[in-house]
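Asker: The structure that follows is given in the form of structure tokens.
Read-outs: derived from the displayed coordinates by stated rules, not from any lab. Given the structure is predicted, the values throughout are model-derived calculations rather than measurements. In this analysis, Cβ positions are derived from the backbone assuming ideal geometry, glycine residues included, and neighbour counts consider all displayed protein chains.
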Amino acid sequence: MPDRDLLADWTGLLRRCGASVDPEPYGRELLRRWAEPQRRYHTTDHLRAVLDHVDALAAHAADPDTVRLAAWFHDAVYRPDRSENEERSAALAARALAEAGLPAERVAEVVRLVRLTVTHRPEPGDRDGEVLCDADLAVLGGTPEAYAGYAAAVRAEYGFVPEPDFRAGRAAVLRQLLALPALYRTSAAHERFDARARANLATELGALNG
């Protein structure tokens, strides 16, 4: 899907959600951010994939359009050398969606969902959080070849980190993911991705520790 289609998706989404201004400039700015040169995995391809997975899981969500808004913003600010990306992305969502005229309640929910991607630990019954987190982590359940491409792109984003430090940090992330009570909270994502994701994570962890 070319970026122009993403822009059309964004403008349609904002209008459905009650925007009182032209959504297109906001969409162009978001797509510019998603195309920044320091990104190798957190690109428009990732945005597109997360939106596709949100659509596939939309029946589970309480408010699919609010989840879609959160998907657009969840990595809108991304600097691999910083640790506050999700908080900065949430702040961007709060500012941009308020300026666009969306209701305060919906803006607050988008901000909450974006912050949830720090831990990927939605509370039981948080249907929108479950959909967003499952969509974001769906990449873990790809084919071994697709997962290898994802892992290589993550390494490229952290190319400035020395290999021993990267291995230690990445291994800690993988162990944290494997320790989650459930990688996927929706039944559809669990059935489709869980077994393969755990195998992929374990394989990468073994390679890092080897």
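Asker: Which residue fluctuates the most in the chain, going by a Gaussian network model with Cα springs under 10 Å, if the choices are 67, 139, 131?
Answerer: Most flexible of the set in this elastic network: 139.
Asker: Quick check on the stretch 15-122: take the gyration tensor over C-alpha atoms, sort the square-rooted eigenvalues as a ≥ b ≥ c, and tell me if it's rounded (a/c under 1.5), prolate or oblate.
Answerer: The shape class here is rounded.
Asker: Sort the stretch 67-190 into rounded, prolate or oblate with this rule: let a ≥ b ≥ c be the square roots of the eigenvalues of the Cα gyration tensor; rounded if a/c is under 1.5, and if a/c is not under 1.5, prolate when a/b is larger than b/c, oblate otherwise.
Answerer: It is oblate, given that a/c is not under 1.5 and a/b is not larger than b/c.
Asker: Further question on the same structure: Which Cα, out of 158, 172, 188, lies furthest along the positive dipole direction of the stretch 158-210 (beta carbon charges, K/R +1, D/E -1)?
Answerer: Among 158, 172, 188, the one farthest towards the positive end of the dipole of the stretch 158-210 is 188.
Asker: To two decimal places, what compactness ratio does the chain give when its Cα radius of gyration is scaled by 2.2 N^0.38 Å?
Answerer: Values: Rg = 16.9 Å, N = 210, 2.2 N^0.38 = 16.8 Å.
Ratio of Cα Rg to 2.2 N^0.38 Å: 1.01.
Asker: Count neighbours as other Cβ atoms within 10 Å of each site's Cβ, and list the trypsin sites (Lys or Arg not before Pro) in the stretch 10-77 that are DSSP loop with at most 13 such neighbours.
Answerer: Passing sites in the stretch 10-77 do not exist.
Asker: In debye to the nearest 20, how big a dipole does the stretch 101-210 give about its Cα centre with +1 on each Lys and Arg Cβ and -1 on each Asp and Glu Cβ? List each step's numbers first, then the result.
Answerer: On the way: 13 positive and 15 negative charges, 39 e Å.
Dipole of the stretch 101-210, to the nearest 20 debye: 180 debye.
Asker: Using the Cα centre of the stretch 88-140 as origin and beta-carbon charges of +1 (Lys, Arg) and -1 (Asp, Glu), tell me which of 100, 124, 139 is placed farthest towards the positive end of the dipole.
Answerer: The listed residue farthest towards the positive side: 100.
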